[in-house]
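Visitor: Got a structure for you, questions after.
The values are calculated or read from the model by the stated rules, or taken from the named source; none is laboratory data. Computed from a predicted model, the values in this text were never measured in an experiment. Using ideal geometry, Cβ is built from the backbone for each residue, glycine included, and neighbour counts are taken over all protein chains shown. Just so you know, the surface numbers come from the protein's heavy atoms only, side chains and all, with ligands and any DNA or RNA stripped out. Shrake-Rupley method; radii C 1.70, N 1.55, O 1.52, S 1.80 Å.
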Amino acid sequence: MPPRTHDDGPAGRPANAPEHEPGTGHPDRPGNEPETPENTVPENEPGSNASGSGPKSTGPAGAAPPDAAVDERGAAVRRVAAGRRWRRARTAGCAVLLAVALTGGAVAVGAARDGAPASAAAVSAAAVSPALLSGGDLDAGIAALQAHLRAQPRDFSGWAVLGLAYVEQARVQGDPSRYPQADRALQRSLRLAPDNDQALAGRAALAAARHDFTGALRHADRALAQNPYSERALCSRIDALVELGRYDEAARAADTADARRPGVPVFTRYAYVRELRGDVGTARRVLERALATAATPGDVAYVATQLGQLAWNQGDYRTALTHYARALAADENYLPALEGRARAQAASGDRAAAVRDLEAVVARSPLPGPLVGLGELYEARGAAGDPARARDQYTLVGAWTDLARAGGVDADLDTALAAADHGDRAAALRAARAEWARRHSVHTADALAWALHVNGRDREALPYARRATATGYRNAAFLYHRGMIELAAGDRQEGRASLRAALRLNPGFSPLGAARARTALHGPEAAE
């Protein structure tokens, strides 16, 4: 499964790590801090001519046309969508979503004038109900916010909410073309009210979404200097420290966040920090507590999915499927739960159901993780036409990567992970090295180790593979990578032990990797 935040990093319990679990700290936060809507997905910005549903633009006004690489990827996506009817039905959503950012439309933030009278700011974006923005009628909430900003263009809080909304839209739809729009909205908020904590917290969230974790930490710290109780800034700070591999600090940040703003967003991050340290029992208890306090269908779906992923990582597929079922009962359209269910189904032997679920996921949100997962399921199934279907998914990974980079996202980790097994191995190594230069996390260590391995540099890969698995984090894919690298480097005893540990922990961790691990241990007859 993909990592919980953006990716992960080494862990190991620091000597001064707090002993308490979330919810037992001091709830010293003030009771009147305004909330920032978490689940806003605007369709267009004030002043836009766009209408209807779905993304309406691909970036800033006046943006240069896509470069040749993006055009080539877009053409590949369109070829995928132009196949046989059943193939088109499964992949058309991917192609349309990816093609949106290739068409070069523009919706500019800034239709509202900076020069409006100061009195125009008298009505705050708080006039737009946060419940409406984060609750059931999202379209109505978006329209209300857009109308409000057209009428009150100097409302810095409204622009901050709009920026956060675009970050959320990019996440929900797998559409990185929204990030430049988010950036412009947040910058506008800061021009109207320099150092306002809402926009600074939004900048932290945007930087994290773009995998600029150093920037995310800087913006989160600035936001917290203005408002120490900003939930979004507290959470972004934890995320950034985790992704940078600064786990002792991440544990302390999670403890601070729990004391100031206990609740589902903090609980889930606290649990993840514990899981990275191998403390699965505490992680499970904290997530169960979070689920018990979840008050909305969205929170129930989110936390139940986290519990499903935790069970999946331990190879407990029955429990994972139970949690995913609860998540989907709360929100039948929650794609992370659908993706998790597909992986658990595949590991449990129900490959047909797994393929159906992952096809539904990638049709709506063609992100690298589910695309690669579906491609590998096709390869493992081996039916007529499956090799071509698998190649289609890997082509879409490349298209997404190009679009992500055009939206300002550092996509090197995604490139390294996908290209090492299903693309240009030299490109995988370049990307993994670039990512390692920026941050040292368990996922970057694992990606660099595997990229070195597929390029035949196993002795160089070995320290990174061991670093990825030395933190206590229980991840079968990491153990598999380490085992294969150890075998290739001539460390037979260690390699076999690592492969046995991977299969013991999660015997269905990958439709292809698990079979290869069994083959390496027992011969070709053990692959199935």
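Visitor: Please determine, by comparing only the residues of the range 188-213 that are of a type in the set (S, T, N, Q) and part of a helix (DSSP H, G or I), which one is most open to solvent (accessible area, probe 1.4 Å). Before the answer, list the steps.
Guide: First, pick out the residues of the range 188-213 that are of a type in the set (S, T, N, Q): 189, 196, 198.
Subset that is part of a helix (DSSP H, G or I): 189, 198.
Values: S189: 0, Q198: 32 Å².
That would be Q198.
Visitor: I would also like to ask the following. Could you pull out the residue among R252, R260, R274 that is within 16 Å of L307 (Cα to Cα) and at pLDDT 95 or above? Explain how you work it out, then say what you get.
Guide: Working: R252 fails: within 16 Å of L307 (Cα to Cα); R260 fails: within 16 Å of L307 (Cα to Cα).
Sole residue among the options that is within 16 Å of L307 (Cα to Cα) and at pLDDT 95 or above: R274.
Visitor: A further question follows. Can you pull out the residues in the range 411-425 that are part of a helix (DSSP H, G or I) and either β-branched (V, I, T) or open to solvent by less than 20 Å² (accessible area, probe 1.4 Å) (or both)?
Guide: Start the filter on the range 411-425 by keeping residues that are part of a helix (DSSP H, G or I), which leaves 412-422, 425.
Scanning the range 411-425 gives L413, T415, A416, A418, A419, A420.
Visitor: Go through (1) assigned to a loop (DSSP other than H, G, I, E, B); (2) within 19 Å of A259 (Cα to Cα) one by one and return the number of the condition R289 breaks.
Guide: Of (1) assigned to a loop (DSSP other than H, G, I, E, B); (2) within 19 Å of A259 (Cα to Cα), only one is false for R289: (1).
Visitor: So, A428, is that one among the aliphatic types (A, V, I, L, M), surrounded by fewer than 24 Cβ atoms within 10 Å (Cβ to Cβ) and assigned to a helix (DSSP H, G or I) or not? Walk me through it before giving the result.
Guide: Details: among the aliphatic types (A, V, I, L, M): yes; surrounded by fewer than 24 Cβ atoms within 10 Å (Cβ to Cβ): no; assigned to a helix (DSSP H, G or I): yes.
Considered against the rule, which asks whether it is among the aliphatic types (A, V, I, L, M), surrounded by fewer than 24 Cβ atoms within 10 Å (Cβ to Cβ) and assigned to a helix (DSSP H, G or I), A428 comes out as no.
Visitor: Residues in the range 265-272: is at least one open to solvent by 40 Å² or more (accessible area, probe 1.4 Å) and either free of Cβ contacts under 8 Å to residues at least 40 places away in the same chain or touching a Phe, Trp or Tyr at 6+ places or on another chain (Cβ under 8 Å) (or both)? Please lay out each step first, then the result.
Guide: Pass one, the range 265-272, residues open to solvent by 40 Å² or more (accessible area, probe 1.4 Å): 269.
The next check asks that each one be either free of Cβ contacts under 8 Å to residues at least 40 places away in the same chain or touching a Phe, Trp or Tyr at 6+ places or on another chain (Cβ under 8 Å) (or both); those that pass are none.
No, there is no match, as no residue in the range 265-272 is open to solvent by 40 Å² or more (accessible area, probe 1.4 Å) and either free of Cβ contacts under 8 Å to residues at least 40 places away in the same chain or touching a Phe, Trp or Tyr at 6+ places or on another chain (Cβ under 8 Å) (or both).
Visitor: With the requirement that a residue be surrounded by fewer than 24 Cβ atoms within 10 Å (Cβ to Cβ), free of Cβ contacts under 8 Å to residues at least 40 places away in the same chain and in contact with a helix residue (DSSP H, G or I) (Cβ under 8 Å, 6 or more places away or on another chain), what does the range 431-451 give you?
Guide: Hits for the range 431-451 are R433, A434, W436.
Visitor: Another question, then. Restricting to the range 339-351, and then to whatever is open to solvent by 60 Å² or more (accessible area, probe 1.4 Å) and of a type in the set (G, A, S), can you tell me which residue is farthest from the chain's Cα centre (by Cα)? Can you show your working first?
Guide: Of the range 339-351, the ones open to solvent by 60 Å² or more (accessible area, probe 1.4 Å) are 341, 348-351.
If we keep only those that are of a type in the set (G, A, S) as well, we get 348-349.
Numbers: S348: 25, G349: 27 Å.
Step by step, filter the range 339-351, then rank; the result is G349.
Visitor: Next question, about the same structure. Of everything in the range 303-338, what is under 16 Å from E288 (Cβ atoms), hydroxyl-bearing (S, T, Y) and open to solvent by 20 Å² or more (accessible area, probe 1.4 Å)? Give them in sequence order.
Guide: Residues satisfying the conditions are T319, T322.
Visitor: Then there is this: Checking D258 against (1) open to solvent by 10 Å² or more (accessible area, probe 1.4 Å); (2) in contact (Cβ under 8 Å) with a residue 12 or more places away in the chain; (3) not basic (K, R), only one condition comes out false. Which one?
Guide: Among (1) open to solvent by 10 Å² or more (accessible area, probe 1.4 Å); (2) in contact (Cβ under 8 Å) with a residue 12 or more places away in the chain; (3) not basic (K, R), D258 violates only (1).
Visitor: Out of Y302, Y324, I need the residue that is out of contact with any Gly (no Cβ under 8 Å at 6 or more places or on another chain) and either closer than 19 Å to E339 by Cβ or assigned to a helix (DSSP H, G or I) (or both). Which one?
Guide: Exactly one residue qualifies, and that residue is Y302.
Visitor: So if I check each of T401, T395, which one is within 24 Å of L206 (Cα to Cα), out of contact with any Pro (no Cβ under 6 Å at 6 or more places or on another chain) and among the β-branched types (V, I, T)? Break it down into steps so the answer makes sense when it comes.
Guide: Details: T395 fails: within 24 Å of L206 (Cα to Cα).
Of the residues listed, the single one that is within 24 Å of L206 (Cα to Cα), out of contact with any Pro (no Cβ under 6 Å at 6 or more places or on another chain) and among the β-branched types (V, I, T) is T401.
Visitor: Right, next: Among the residues of the range 281-298, what is the count of those that are touching a residue at least 60 places away in the same chain (Cβ under 8 Å) and out of contact with any helix residue (DSSP H, G or I) (no Cβ under 7 Å at 6 or more places or on another chain)?
Guide: Qualifying residue count, the range 281-298: 3.
Visitor: Of everything in the range 149-186, what is of a type in the set (S, T, N, Q), over 16 Å from the mean Cα position of the chain (by Cα) and crowded, with 23+ Cβ neighbours inside 10 Å? Give them in sequence order.
Guide: Pass one, the range 149-186, residues of a type in the set (S, T, N, Q): 152, 157, 169, 173, 177, 181.
With the extra rule that they be over 16 Å from the mean Cα position of the chain (by Cα), the set shrinks to 152, 157, 181.
Q181 - this is the single residue of the range 149-186 that is of a type in the set (S, T, N, Q), over 16 Å from the mean Cα position of the chain (by Cα) and crowded, with 23+ Cβ neighbours inside 10 Å.
Visitor: A further question follows. Among (1) within 21 Å of Y247 (Cβ to Cβ); (2) at pLDDT 95 or above; (3) open to solvent by 30 Å² or more (accessible area, probe 1.4 Å), there is one condition A470 misses while meeting the rest; what is its number?
Guide: Failed condition: (2).
Visitor: Also, quick follow-up: Looking at this structure, is A208 closer than 30 Å to R150 by Cα, out of contact with any Ser or Thr (no Cβ under 8 Å at 6 or more places or on another chain) and in contact (Cβ under 8 Å) with a residue 60 or more places away in the chain?
Guide: Details: closer than 30 Å to R150 by Cα: yes; out of contact with any Ser or Thr (no Cβ under 8 Å at 6 or more places or on another chain): no; in contact (Cβ under 8 Å) with a residue 60 or more places away in the chain: yes.
Here the answer is no, as A208 does not meet what is asked.
Visitor: Moving on to the next point. Residues in the range 295-302: is at least one farther than 25 Å from P370 by Cα and surrounded by fewer than 23 Cβ atoms within 10 Å (Cβ to Cβ)? Let's see the steps before the verdict.
Guide: Restricting attention to the range 295-302, the residues satisfying the condition of being farther than 25 Å from P370 by Cα are 295-296.
Narrowing the set further to residues that are surrounded by fewer than 23 Cβ atoms within 10 Å (Cβ to Cβ) leaves 295-296.
Scanning the range 295-302, I find at least one residue that is farther than 25 Å from P370 by Cα and surrounded by fewer than 23 Cβ atoms within 10 Å (Cβ to Cβ), so the answer is yes.
Visitor: Sort out which residues of the range 495-507 are touching a helix residue (DSSP H, G or I) at 6+ places or on another chain (Cβ under 8 Å), within 18 Å of Y473 (Cα to Cα) and either hydroxyl-bearing (S, T, Y) or open to solvent by 20 Å² or more (accessible area, probe 1.4 Å) (or both), and write them in order of number.
Guide: Across the range 495-507, the qualifying residues are A497, S498, R500, A501, L503, P507.
Visitor: Still on this structure, please answer the following. Are any of the residues in the range 378-389 open to solvent by less than 10 Å² (accessible area, probe 1.4 Å) and among the hydrophobic types (A, V, I, L, M, F, W, C)? I'd like the intermediate steps shown before the answer.
Guide: Taking the range 378-389 first, the residues open to solvent by less than 10 Å² (accessible area, probe 1.4 Å) are 378, 386.
Now drop any that are not among the hydrophobic types (A, V, I, L, M, F, W, C), which leaves none.
Scanning the range 378-389 turns up no residue that is open to solvent by less than 10 Å² (accessible area, probe 1.4 Å) and among the hydrophobic types (A, V, I, L, M, F, W, C).
Visitor: Could we say that V264 is among the aliphatic types (A, V, I, L, M) and within 22 Å of A404 (Cβ to Cβ) here?
Guide: On the way: among the aliphatic types (A, V, I, L, M): yes; within 22 Å of A404 (Cβ to Cβ): no.
Answer is no for this residue.
Visitor: Please work out which residue is farthest from L371 (Cα to Cα), limiting yourself to the range 396-410 and to residues that are hydrophobic (A, V, I, L, M, F, W, C) and assigned to a helix (DSSP H, G or I).
Guide: Here is the first cut: in the range 396-410, the residues hydrophobic (A, V, I, L, M, F, W, C) are 396-397, 399-400, 403-404, 406, 409.
Add one more test, that the residue is assigned to a helix (DSSP H, G or I), and what stays is 396-397, 399-400, 403-404, 406.
Working: L396: 7, V397: 7, A399: 11, W400: 10, L403: 15, A404: 15, A406: 20 Å.
Per the stated criteria, the residue is A406.
Visitor: Taking the range 356-372 as the search range and keeping residues that are surrounded by fewer than 23 Cβ atoms within 10 Å (Cβ to Cβ) and free of Cβ contacts under 8 Å to residues at least 40 places away in the same chain, which one is farthest from D316 (Cα to Cα)?
Guide: A360
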